[in-house]
Amino acid sequence: MIEFKLTPAQKQMKDLTHWFAANEMRPISMLSDKLGKVPDEWLDKVNKMGITLASGGGMGGSGSGATSQSGSSGTKQDDAEVDPEVKRQTNRTTVIAAEEVGWGDPAIALTLPGPGLGGPPVQGSGTPEQKQRFLSIFTKDKPRWGAYALTEPEAGSDVSNIRTTAKKVDGGYVLNGQKIFITNGGRASWVVVFATVDRSAGRAGHRAFVVEQGTPGFRCSRLAHKMGMRASETAELVFEDCFVPDANLLGGEEYYAKRAEGKSGFQVAMATFDNTRPVVAAMATGIAQAAYDYTLEFVRKEYPKSGRLYQMACEKLADMEQTIQAGRLLTWEAAWKADIGQPNSKEAAMCKAYAGKNALEVCETCLELLGPSGMDGHIVEKLYRDVKVYDIFEGTNQVQHLIVARRLYDAFELRI
């Protein structure tokens, strides 16, 4: 049964992460939004502190207790020295940390050095040699990033429709295609890229490759200018006759040959989403909590303590408190199921859909209560711009509802 009480280690980690969010992230939040990037000197500093971005938003590294630098969130860890009880709560600990950095600044959180979304597929599907080669580069000597490239102009919500091709040649594969909306894609040392060896085979033709920066035929064609999350780098990647050696096929040829269904590449992508959607939901919850915290204090100080206006504000604050707590508990359940080794696709989709949509509504309500005080240049206005994407990336709200419906239908079929 899920435990709602934090362990002493989790409480310490939560407090530490909140301190980092309040004292290191918040002071550069508005500046980073204005510049459209996180200052390089700040990234150097936090990297030397051993703080990295784990899968999707959790803060990891030395001292944080949140995750390993190689990323976790639902993947198996090779570190036998980790206490079994800590391992059992890795995902929950990750979402707790993710909520705190989301509270601090979601764009800066996604810019923290580390493997990011590329971590889970490498950790979960890579060979021992690939894990060592690609995950060992994240050290304190220099900030480095990993990335995850799945989305295409014609394959957003329908990820099974990817068109980037991988043609088998002697010694490897030649990739051709385009990827869009790739977080840290321009600065990444390597990118996990999904391509198809045979479009007519559908999902069975999908393969996952690790493409390293500097590989001939691989380039970042542009960085996107966005309404929100401006400090987070979002890249468009192009592959033109890009040769990738067999050693960079994630899992190796045997990984695909052993699976009768032949959908391994697609399953790698879907397993990554099951792991990272709770983290995204946690960050959305953190954004909502940040907007709520500021607005609550504003209402206490600025609103008259009697009359209909104050009563209306209190009712809205109470509704938001319930909404935030519900999203948090849905997220904890999804993480808990991953920690105990149970399928969590439905729960991951539910928390992501709920938290993303309702965090947007919370921020909108906060702006209404702030009135003119929350206009352009205000932290809550920035959060409102930032939070919109949490209803979109990692699968839109509509896609999450579809996943939940399919899982409910499957369960119904098993009962009859």
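Tabulated values for the structure
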quantity	calculated
Summed residue charge, Cβ within 11 Å of Pro245's Cβ, Lys/Arg positive, Asp/Glu negative	-3
Additional length obtainable on full extension of the chain from Glu315 to Gln12, 0.36 nm per residue less Cα span	105.8 nm
Angle in degrees between helix 264-302 and the longest Cα principal axis of the chain, rounded to the nearest 10	10
Spacing of the two label points (7 Å from each Cα toward its C-beta) at Ile392 and Arg163, in nm	2.0
Sequence-separation-based contact order of the chain, relative, with Cα cut under 8 Å and 6+ spacing, percent	16
Glu233 long-range amide H proximity, modeled H, under 5 Å	Asn184
In region 270-415, lysine pairs with alpha-carbon atoms under 16 angstrom apart (chain gap of 8 or more, or interchain)	5
Whether region 164-237 is rounded, prolate or oblate, judged on the alpha carbon gyration tensor where a/c under 1.5 counts as rounded	prolate
Cβ-Cβ FRET estimate between Lys305 and Tyr409, R0 fixed at 56 Å, reported to 0.05	0.60
Label-point separation in nm, Arg26 to Ile137, each point 7 Å along Cα→Cβ	3.5
Potential lengthening between His378 and Ala247 on full extension [0.36 nm per residue; Cα-Cα distance subtracted]	42.3 nm
HN-Hα J in Hz across region 17-34 - Karplus 6.51, -1.76, 1.60, θ = phi - 60°, x for Gly and Pro	5, 5, 4, 4, 5, 6, 9, 10, 8, 4, x, 10, 4, 5, 4, 5, 4, 5
For q = 0.08, 0.10, 0.12, 0.13 Å⁻¹, Debye-computed log10 I/I(0) when each Cα of the chain counts as one equal scatterer	-0.42, -0.65, -0.93, -1.09
Ascending count of other beta-carbon atoms within 10 Å, so fewest first, for Leu223, Leu237, Leu135	Leu223, Leu135, Leu237
Order of Glu99, Glu41, Glu233, Glu240 - criterion: other Cβ atoms within 10 Å of each residue's Cβ, fewest first	Glu41, Glu240, Glu233, Glu99
With Cα atoms, 0 to 90° folded angle of helix 90-104 axis to the chain main axis	50
Pairwise FRET efficiency - Glu41 versus Ile2, Cβ, R0 = 35 Å, nearest 0.05	0.25
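We did not get these values from a lab; they are worked out from the coordinates using the rules stated. On a predicted model such as this, the values are computed, not experimentally measured, just so you know. In this analysis, Cβ positions are derived from the backbone assuming ideal geometry, glycine residues included, and neighbour counts consider all displayed protein chains.
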